[in-house]
Amino acid sequence: MGNPNTSGSGMSVRGMVFSAMFAALTAVGAFIMIPIGLAPITMQTLFVHLSGALLGSRLGALSQFIYVLVGVIGLPVFHGGAGGLGVLLGPTGGYLIGFIAGGGYLTGRLVEMRKKPGFLWIAMSCVAGLILIYILGVLHLSVVADLPMTRAIAVGVVPFLIGDAIKMIAATFITSKLRGMIKL
């Protein structure tokens, strides 16, 4: 008989619960927003970075995959209460894919590389994850909205830099305090 605390994939039930919890927190973060331009400033990226930094690459990416999947099937979890496949195919879809690849997976993978990651390592891991989110988001935005790359950066990155910096610092502080407390 297998371990009752793991699923058939070897993933702990606790890990799956934390992944679902961070998917839900990311959804809540979508409703805490400051409307500007094409996409509002939301609290989503705080929870995206926390999912990777606290849960690691596999569970962090899973949490964001769950979040995106729930939105794609039509639940109103994206910014402004939007849902459906159209959001993923629309101008902000690349950022959502970036949540999985950058915030969930890359941030988590980099934090995992150190047994006891320090504040600066966690912060730089979040920066790397955010850069990947921006790259995927801007590329998608440029194609979908038919914008030159410089314009896509101007509307899809520049307005969000200060807010994202503040959220990364907050995620780093929170991770520094909670990382050893979460047992997966």
Comparing Gly98, Gly90, Gly56 in a Gaussian network model of the chain (Cα, 10 Å), the one with the largest mean-square fluctuation is Gly90
Apply the a/c threshold of 1.5 to the C-alpha gyration tensor of the stretch 37-84 and tell me whether it is rounded, prolate or oblate. oblate
Distance histogram in 5 Å bins (all Cα pairs of the chain, percent per bin): 2, 9, 17, 22, 20, 14, 9, 5, 2, 1, 0, 0
Give or take rounding to whole Å, what are the principal axis extents of the alpha carbon atoms in the stretch 112-184, in descending order? 46, 21, 18
In degrees, nearest 10, range 0 to 90: what is the angle between the Cα axis of helix 161-178 and the longest Cα principal axis of the chain? 10
Using alpha carbon centers only, the stretch 131-184 is separated from the stretch 19-81 by a whole-angstrom value of 12
Two pseudo-spin positions, 7 Å from Cα along C-beta at Leu69 and at Met33, lie apart in nanometres by 2.4
I want to verify a result. In a Gaussian network model of the chain, Cα cutoff 10 Å, which of these has the top mean-square fluctuation: Val13, Val48, Val157? Val13
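Values quoted throughout were computed directly from the atomic coordinates according to the rules given, and no laboratory measurement underlies them. Values in this document were obtained by computation on a predicted structure and should not be read as measured data. Neighbour counts are summed over all protein chains in view; Cβ atoms, including those assigned to glycine, are modelled from backbone coordinates with ideal geometry.
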